[in-house]
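Below is one structure, written out as structure tokens; the observations come after it.
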Amino acid sequence: MRVTLAGNGVGLAAPQIAVPLRLFVVEDTQDRMSHLTPEQQKARNRYPFPFEAVINPIWYATSPEMVIETEGCLSIPGFKADVCRYWAIEVEGFQPNGRRKTWSVKGWPARIFQHEIDHLDGRLLTDCMLGPVAELVGIEGGVVSGVFNLESSGVRASDWRPRHDKRYHEA
């Protein structure tokens with residue numbers, strides 16, 4: 001999983017690579033955020049986050065504040081969409097050595113953890129995106145580039161509302 005993550009991703013869940021485990025890895029390096037200005041990094045609370053493997057996680061919001069940001073996903077290369085996520089969360093889980101650990105994360109790291117746990121719960125970015133409009137960029141071979149509207153293909157906006165599991169989303 002670490003090798004797969006070494007590209008542009010900041011997180012990868014086991015189900016994304018056909019491994020049926022409640023496990024994900026996360027790592028955000030300064031290189032991966034070099035396209036952002038220091039002001040953008042500060043606004044998103046984005047900072048280098050060390051490599052971590054998280055096993056059997058559960059989470060809860062530690063603040064009611066939610067933030068909309070654009071996300072991408074290694075499962076859908078080039079696809080980007082706006083997603084509303086909690087700004088601050090706590091995640092309880094296990095490390096590979098079997099020890100229990102609690103991660104308290106805010107800003108971008110909280111977004112990464114929520115995104116990866118979505119995968120463990122069977123959700124993709126398309127299940128969490130806000131509205132039917134998204135962006136598809138940089139597909140190999142230049143197949144598609146630009147913004148598209150899913151409603152133009154008969155998909156209703158109401159079909160694309162975020163789905164949440166109440167067990168994990170109570171502030």
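If the condition is being assigned to a strand (DSSP E or B), farther than 17 Å from residue 121 by Cα and touching a helix residue (DSSP H, G or I) at 6+ places or on another chain (Cβ under 9 Å), then segment 62-83 contributes 67, 69, 71, 72, 79, 80, 81. Here residue 90 meets each of (1) at pLDDT 90 or above; (2) among the charged types (D, E, K, R); (3) surrounded by fewer than 16 Cβ atoms within 10 Å (Cβ to Cβ); (4) farther than 18 Å from residue 56 by Cβ with one exception, condition (4). Residue 65: free of Cβ contacts under 8 Å to residues at least 40 places away in the same chain and among the acidic types (Asp, Glu), yes or no? When the stated conditions are applied, residue 65 passes them. Got at least one residue in segment 47-54 being among the aliphatic types (A, V, I, L, M) and at pLDDT below 95? The answer is no; no qualifying residue exists.
The single residue among 131, 122, 98 that is modelled with pLDDT of 50 or more, of a type outside the set (Val, Ile, Thr), in contact with a helix residue (DSSP H, G or I) (Cβ under 7 Å, 6 or more places away or on another chain) and assigned to a loop (DSSP other than H, G, I, E, B) turns out to be 131. Of everything in segment 14-61 that is in a strand (DSSP E or B) and under 12 Å from residue 108 (Cα atoms), the residue that is farthest from the chain's Cα centre (by Cα) is 49. Taking the criterion of being more than 18 Å from residue 77 (Cα to Cα) and among the basic types (Lys, Arg), the residues of segment 7-65 that qualify are 22, 42, 44, 46.
The values are calculated or read from the model by the stated rules, or taken from the named source; none is laboratory data. Worth saying up front: this structure is predicted, and the values here are computed from it rather than measured. Neighbour counts run over all protein chains shown; Cβ positions are idealised from the backbone, glycine included.
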